[in-house]
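> Encoded as structure tokens, here's the structure I'll be asking about.
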Amino acid sequence: MSSEYPDEWDPLSEPPSKRYAKFNEVEGLKVWVEEDEKVLWIRFNRPHRLNAITQAGYNALHGILDMLLLDRQIRVVVLSGEGKGFSSGLDFDSANKAPGPDHKTLFFNQRKYSLLPLKFRTIPQPVISLMKGKIVGSGLAYALSADVRIADPTLSISSGANRMGLGGTDIALGWLLPRLCGWSATSEILLTFRWLDAERCLRSGLVSTIVPADKLDDEGRKMAKDMLELSHLGLIVTKMNLNAVAEGASMRSAITAEDTAQIFAGSNPEAAVINERLKRNVQKGRVGSKI
Amino acid sequence: MSSEYPDEWDPLSEPPSKRYAKFNEVEGLKVWVEEDEKVLWIRFNRPHRLNAITQAGYNALHGILDMLLLDRQIRVVVLSGEGKGFSSGLDFDSANKAPGPDHKTLFFNQRKYSLLPLKFRTIPQPVISLMKGKIVGSGLAYALSADVRIADPTLSISSGANRMGLGGTDIALGWLLPRLCGWSATSEILLTFRWLDAERCLRSGLVSTIVPADKLDDEGRKMAKDMLELSHLGLIVTKMNLNAVAEGASMRSAITAEDTAQIFAGSNPEAAVINERLKRNVQKGRVGSKI
Amino acid sequence: MSSEYPDEWDPLSEPPSKRYAKFNEVEGLKVWVEEDEKVLWIRFNRPHRLNAITQAGYNALHGILDMLLLDRQIRVVVLSGEGKGFSSGLDFDSANKAPGPDHKTLFFNQRKYSLLPLKFRTIPQPVISLMKGKIVGSGLAYALSADVRIADPTLSISSGANRMGLGGTDIALGWLLPRLCGWSATSEILLTFRWLDAERCLRSGLVSTIVPADKLDDEGRKMAKDMLELSHLGLIVTKMNLNAVAEGASMRSAITAEDTAQIFAGSNPEAAVINERLKRNVQKGRVGSKI
């Protein structure tokens, strides 16, 4: 799957349901579109292997994220797992088995897994992760690269890599975890083999809410719909502005970026449509609050 | 209200209760001084409009904060709202209604609202926000620009701007919220129209405590008095040093700033007075701990 | 105690139990080694003075941390207090009593206390703090400089310095506290004389868990053993990578540092040993999870 953009490539030439269909043919992934071509679901789909990811799976994720980068139709992405788990990360049976310590090969193998979190943060679509079961390694990294996380009570998370004699800081976990569950919990699970269970994930703020296992998909669907209530540009600039702050933007520069983005988004015709819809819904009592 | 400093301006020439009195004449604001001219109360006061802020109100806030910047008498500021709410942000009836997408006008309108959080963070006085009811937009931004927040059980917060087709990251919210309630909750409420209620504000650490609605002012008064226990310079350098860390100071530079500030504050005569008072109170059993 | 490294200094020439024995002779400190020379325990030991630290104690801490910096045998450090408290910080009876405001003397006195947190963060060994009782000042600073914290129910923390007319931001507290318990709680306790009790320390994520007072040492011992399960290099790179993120590393640079560290740690023979042990333990059912 190439990530090049041919000259004739026009993302509007076919609907997302067709464009992303080819990733459905990849073993271990289910990919489909909902909400009138606006929400892309990506589901890890090797439940007999705890949804471990093969090399083909990583390649497909790169392909999907490369397409999402300039996709002007898909507005929200939902990331989930088939069966009882989300993903247990790398399938070691699919990993490079070349003998000997060839550091260059090891480096590029690792980059294939470790650069995906950057791509998740760079696409303009907010990502919702539906977390459940034991999640480790790259599976955990991608769940945490999302913007919002919903869990079921079976969730527990751990580094995974440190069990193999490596560091606990693996595939962006060292950057993501402190932002999501604080420094103490991060240090505890990355410096030991311990697990952070659903309750501590909730208490530390890592997940927004915990719902019964059979409601997890529904809750993700509801969150995606709620995101579609915003204007498309409003959604995009919100994710981009939060990224800038996560990367260390000063208060002053964050305010300036917000100011210009508000005028940029607000002067787009869609904003007026949203605004009118809001006023009508308020008048009809369809939204709970007059604010 | 001018923010210029005339050559003859001497902040000590009249007491704060007189200096800030003119802001009481502004529609929608109540401003008064307590604790022997040391604590300034600012109260949004248009309860029939959920304390929405008019252009005159924003202008007055700029004027107040400009005066506080070099005010050597006021040591603590309390920010609150009349009636059942704190503030619902911009009163749209007072906003610029010039037709057409004049981006320059929109930009300077927005700057009037968005630069106030920077001024709240720059004044030497710690600010205590008394949060209640539904708070959105610039109202929320100013509540979060405070150093400490106390809430009553009616509190719930949301961006507001995204309901109008704009981004959720508005008036410094994208910089303030992640620091106060973490990334997951921030992303959830800025990427949807959802509300963060009092319980989640407490759990995430955004507010220090929740007290019954009829105790909110008392609790703010108590917190202000507790701050007056510190030496004046001690209070100032604490806020300034925390600002530097919030803006990304390294551990090494933060320590150096603390070290010099401690000697600066400690060699001021007031420090010895505080220290003596502490010793007397310990001897008389007036403070709970010998530490 | 010199922190110089003589040319002939070879950290392997004698076991840690002998090398660190001299610090046991310092009044107010107990220092010993556990787990086959791999875990160093440092215990504040002046319970009749709430484990306040004398000048000799600070000097010894500098000496210990200087030795740990290049110590290739000690893998984990446990920091604790004798009796009912951890440490109440500086023993003022031991502080410089030179009359008059000699700022240079004050500065270097302060540096002796304030540079230790940097050394705690720079040594390659993760540090576990066992927190209890009322902890203030440099005692609090060192407890918070650890990687992981366990508490008993008697814990409560406060700045201490602000009680003496100084700022609340003291000895790295302004840098450490916001990372560990969030901005609201930090501002509240540094801008007042208030205490953060064990329950709020747990809720805010500052401590990992609260255990009964008589189980605190056991829990620290268990955590240290859990850390020894990782490969030695895995442990080191995890602490170092988390430090880089705490100091503001971008997501991209954090990932690059992780990638190279994983190959560095993974190609060390110890990693293969750990990996084999893991596989055997999984087969024998000795570890709870197949992941």
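None of the figures in this text is laboratory data; all of them are computed from the coordinates on show. Because the structure is predicted, anything quoted here is derived from the model rather than measured. Note that each Cβ is placed from the backbone with ideal geometry, even for glycine, and that neighbours are counted across all protein chains shown.
> Give me, ordered by chain and number, the residues 5 or more places off C:W41 or on other chains with an amide H under 5 Å from its own placed amide H.
C:W32, C:V33, C:E34, C:V78
> Among the listed pairs A:K38/A:K84; C:K132/C:K215; A:K239/B:K119; A:K104/C:K279; A:K225/B:K84, which are separated by more than 20 Å between their Cα atoms?
Check vs 20 Å cut-off fails for A:K38/A:K84; A:K239/B:K119; A:K104/C:K279; A:K225/B:K84.
> Taking just the alpha-carbon atoms of region C:237-276, what radius of gyration and Dmax come out, in angstrom?
That works out to 11.7, 36 Å for Rg and Dmax.
> May I pose another question? When Lys and Arg each count +1 and Asp and Glu each count -1, what net charge do the other residues less than 15 Å away from A:G248, Cβ to Cβ, add up to?
+3
> Would you be so kind as to identify which of B:L176, B:P47, B:L155 lies farthest towards the positive end of the dipole of region B:16-228, taking Lys and Arg as +1 and Asp and Glu as -1 on Cβ and the Cα centre as origin?
Selected residue: B:L176.
> Hey, another quick one. Taking the simple approach of a point 7 Å from Cα along Cα-to-Cβ for both B:F92 and A:F108, what is their distance in nm?
5.6 nm
> If you don't mind, there's one more thing I want to ask. Which ³J(HN,Hα) values, rounded to whole Hz and listed in residue order, are derived for region A:69-80 from phi using the Karplus coefficients 6.51, -1.76 and 1.60 in 6.51 cos²θ - 1.76 cosθ + 1.60 with θ = phi - 60°, glycine and proline given as x?
3, 10, 7, 9, 9, 5, 10, 9, 10, 10, 10, 8
> Roughly how many whole Å is it from the C-alpha centroid of region B:55-88 to that of region B:165-180?
21 Å
> Along the axis that rotates chain C into chain B, which residue of chain C has the nearest beta-carbon, and what is the gap in whole Å?
Checking which Cβ lies nearest the axis yields C:G248, 3.
> Hey, got the dipole for the protein assembly as shown? About the Cα centre, +1 on K and R Cβ, -1 on D and E Cβ, debye to the nearest 20?
1560 debye
> Looking only at trypsin sites (Lys or Arg not before Pro) in DSSP loops with at most 11 other Cβ atoms within 10 Å, what is the longest site-free stretch of chain A? Mind dumping the intermediate values first?
Details: sites that count: A:R72, A:K97, A:K284, A:R286, A:K290.
It runs A:98-283.
> Give me the percent relative contact order of chain A, please, defined on Cα pairs under 8 angstrom at least 6 residues apart.
Computed value for chain A: 13 percent relative contact order.
> Taking H placed 1.01 Å from N in the peptide plane, check which residues at least 5 places from B:R149 or on another chain put their amide H under 5 Å from its amide H.
For B:R149, whose amide H was placed from the backbone, the distant partners under 5 Å are B:S129, B:S208.
> Please list the radius of gyration and Dmax for the protein assembly as shown, considering alpha-carbon atoms only, with Å as the unit.
For the protein assembly as shown, the Cα-based Rg and Dmax read 28.1, 85 Å.
> Taking amide hydrogens as modeled 1.01 Å from N in the peptide plane, which residues meet the under 5 Å criterion relative to B:L90, leaving out close sequence neighbours?
Under 5 Å from the amide H of B:L90 lie the amide H atoms of B:I53, B:S138, B:G139, each far enough along the sequence or on another chain.
> When the Karplus curve 6.51 cos²θ - 1.76 cosθ + 1.60 is applied with θ = phi - 60°, which whole-Hz ³J(HN,Hα) does each residue of region A:165-173 get, with x for Gly and Pro?
So the J values, rounded to whole Hz, are x, 9, x, x, 7, 9, 6, 6, 4.
> Which angle from 0 to 90°, rounded to the nearest 10, does the C-alpha axis of helix A:251-266 make with the longest principal axis of chain A?
50 degrees
> Which percent of Cα pairs goes in each bin when the distances of region C:16-227 are cut into 5 angstrom slices starting at zero?
In whole percents, the pair-distance histogram is 1, 7, 16, 21, 21, 17, 10, 5, 2, 0, 0.
> Also, quick follow-up: With θ taken as phi - 60° and the coefficients 6.51, -1.76 and 1.60, list the Karplus ³J(HN,Hα) couplings across region C:219-225 in order, rounded to whole Hz; mark glycine and proline as x.
5, x, 5, 5, 5, 4, 4
> Excluding A:P124 itself, what net charge comes from residues whose Cβ is under 10 Å from its Cβ, given Lys and Arg +1 and Asp and Glu -1?
+2
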